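Remarks on the structure that follows.
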Amino acid sequence: MLYRNARGSVVDPDALIGCAAYGGPDRSSDPTIGGTVNQLARLGFYVTLRNPVGLYMDHIDHAGWTTPDGSPAEDCVRITRGVTGMIERLEVQVPADRNFTVSDLRIGGEPVVYGGQIAECITVHLVGVAGVQGHFRNPQLECVGRCCIDPNNATLLNRSIQYPAPSPVGTVAAFVDEGTIPADGSTQALLGAGRR
């Protein structure tokens, strides 16, 4: 779906996630995925997700992994469901003949103590499919929500709130100037003073 506000098309990934009221604006994946798919939709592509639809692990990066015996760590990771690029489950387990345990592995020089250390090495993705360009021209919808931000601590966007709910106490609406055309339809503000 395509969205617009009073100033025009909403295209910035962070503004789009608030406008469309989906996902988490404080994440890296949600704005990136939504923005990329929305860009394809604006170009008129047929867009869908590859079957079977799901969020998959793409791969696990072993760079920086070391073992006590100096051998590669790749055989300590095994895909148990799915295939490379569409991994649903993987296990990290040291083969019995290696005579050490997962806690003896190091990632970036640090011993593995938490599963989160391994999770940081995993790349996840959705697999999208874009068909023929130019066949779809969806209408732009009005924004259904907006993100707010604490002006005294402007490091984190709040989750989108639905219109017409007021901004939470102590916050202001974010991305109020997002869009390509001012509400009055003029382009003077975009061109800058003195440009003709």
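The values are calculated or read from the model by the stated rules, or taken from the named source; none is laboratory data. It should be emphasised that the depicted structure is a prediction, and the values quoted were computed from it without experimental measurement. All Cβ positions, even for glycine, are placed from backbone atoms using ideal geometry, and neighbour counts span all protein chains on display. Protein only, heavy atoms only, side chains kept; ligands, DNA and RNA dropped before computing areas. Shrake-Rupley method; radii C 1.70, N 1.55, O 1.52, S 1.80 Å.
Computed quantities for the displayed model
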item: Subset of region 4-25 (residues that are open to solvent by 20 Å² or more (accessible area, probe 1.4 Å) and either at negative phi or charged (D, E, K, R) (or both)); result: Arg4, Asn5, Ala6, Arg7, Ser9, Val11, Asp12, Pro13, Asp14, Tyr22
item: Sole exception among (1) open to solvent by less than 70 Å² (accessible area, probe 1.4 Å); (2) under 19 Å from the mean Cα position of the chain (by Cα); (3) among the small types (Gly, Ala, Ser) for Ser28, by number; result: (1)
item: Counted residues, region 14-32 - those being assigned to a loop (DSSP other than H, G, I, E, B) and of a type outside the set (Phe, Trp, Tyr); result: 7
item: So Asp184, is it closer than 19 Å to Asp14 by Cβ, at pLDDT below 80 and either aromatic (Phe, Trp, Tyr) or part of a loop (DSSP other than H, G, I, E, B) (or both); result: no
item: Residue list for region 128-153, restricted to those being over 20 Å from Ser9 (Cα atoms) and open to solvent by 70 Å² or more (accessible area, probe 1.4 Å); result: Val132, Pro151, Asn152, Asn153
item: Members of region 38-72 that are among the hydroxyl-bearing types (Ser, Thr, Tyr), open to solvent by less than 80 Å² (accessible area, probe 1.4 Å) and either farther than 17 Å from Gln117 by Cα or not in a loop (DSSP other than H, G, I, E, B) (or both); result: Thr48, Tyr56, Thr66, Ser71
item: Residues located in region 83-105, provided they are open to solvent by 100 Å² or more (accessible area, probe 1.4 Å), out of contact with any His (no Cβ under 7 Å at 6 or more places or on another chain) and under 15 Å from His62 (Cα atoms); result: Gln93
item: Every pair of residues 6+ apart whose Cβ atoms lie under 8 Å, when the first sits in region 154-176 and is among the β-branched types (Val, Ile, Thr) while the second is open to solvent by less than 80 Å² (accessible area, probe 1.4 Å) and not in a loop (DSSP other than H, G, I, E, B); result: Ile161/Gly145; Ile161/Arg146; Ile161/Cys148; Thr171/Cys148; Thr171/Ile149; Val172/Cys148; Val172/Ile149
item: Some residue of region 104-119 being within 28 Å of Leu49 (Cα to Cα), more than 20 Å from the chain's Cα centre (by Cα) and of a type in the set (Gly, Ala, Ser); result: no
item: Only one of Glu120, Glu88, Glu74, Glu110 that is among the charged types (D, E, K, R) and touching a helix residue (DSSP H, G or I) at 6+ places or on another chain (Cβ under 8 Å); result: Glu110
